[in-house]
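Note sheet for the following structure.
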Amino acid sequence: LLLIGLLIFAGMMAEGVMYDWCVLYLSQELGMPQAQAGLGFAVFSLAMALARFGGDSLRARYDERSLLRAGALLSAVAMALLLLLRHPGFALVGYLFVGIGLALVVPILFTAATRVPGTSRAASIAAVSSVGYAGFLVGPPLIGFVAHATSLSVAMGLVVVAASVLAWGARRTA
């Protein structure tokens, strides 16, 4: 359960960072006008929603570990490329793929938590959601701290790290 909770933490941290910092990255780091930078949040959020709506059909067809690993890798690569290429248009496309890649993290890992032997389903969900939701609380301020010490571009690289941790841990989930 601890491993699943830590993986949910990584996924929700990455998700929280995108919610809280993607617009500022577009405007501050890439020079996109404020009126357009809000598209980053919209693109990411829409991608997350649509991928979650379609997620059950994917989960019925494919192994959840493979979906988690593929989504995490998609997010890591998309985020790394958008940070390296530093172009507003590509950043929006990157946000789309980051959202798609992170969308199934919570549904897959919450389900995996309910299959851990020796714990009730309710206790499992409570345990991993407590750890996971801490990612929403810790991630955005952590980005601010790292950005203050370095740059927002470097700090946003923590999304790449979190998604890479998810990809690595995917094979260890039940």
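Some values worked out for this structure:
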{"item": "Any chance VAL131 is of a type outside the set (Phe, Trp, Tyr) and surrounded by fewer than 16 Cβ atoms within 10 Å (Cβ to Cβ)", "result": "no"}
{"item": "Flag if LEU58 is assigned to a helix (DSSP H, G or I), open to solvent by 50 Å² or more (accessible area, probe 1.4 Å), modelled with pLDDT of 95 or more and not polar (S, T, N, Q)", "result": "no"}
{"item": "Hits in the stretch 61-72 (condition: open to solvent by less than 90 Å² (accessible area, probe 1.4 Å) and part of a helix (DSSP H, G or I))", "result": "GLU64, SER66, LEU67, LEU68, ARG69, ALA70, GLY71, ALA72"}
{"item": "Answer from ALA91, ALA78, ALA126, ALA42 - the residue that is assigned to a helix (DSSP H, G or I), open to solvent by less than 60 Å² (accessible area, probe 1.4 Å) and touching a residue at least 40 places away in the same chain (Cβ under 8 Å)", "result": "ALA91"}
{"item": "Tally, over the stretch 157-174, of residues that are buried (at least 20 other Cβ atoms within 10 Å of the Cβ) and in a loop (DSSP other than H, G, I, E, B)", "result": "1"}
{"item": "Selection within the stretch 9-27 - open to solvent by 10 Å² or more (accessible area, probe 1.4 Å) and of a type in the set (Val, Ile, Thr)", "result": "VAL23"}
{"item": "Residue in the stretch 136-159 that is modelled with pLDDT of 95 or more and more than 19 Å from TYR25 (Cβ to Cβ) present", "result": "no"}
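The values are calculated or read from the model by the stated rules, or taken from the named source; none is laboratory data. This one's a predicted model, so the numbers in the text were calculated from it and none came from an experiment. All Cβ positions, glycine included, derive from the backbone under ideal geometry; neighbour counts span all protein chains shown. Please note that ligands, DNA and RNA were not included when accessible areas were found on the heavy atoms of the full protein model with its side chains. Shrake-Rupley method; radii C 1.70, N 1.55, O 1.52, S 1.80 Å.
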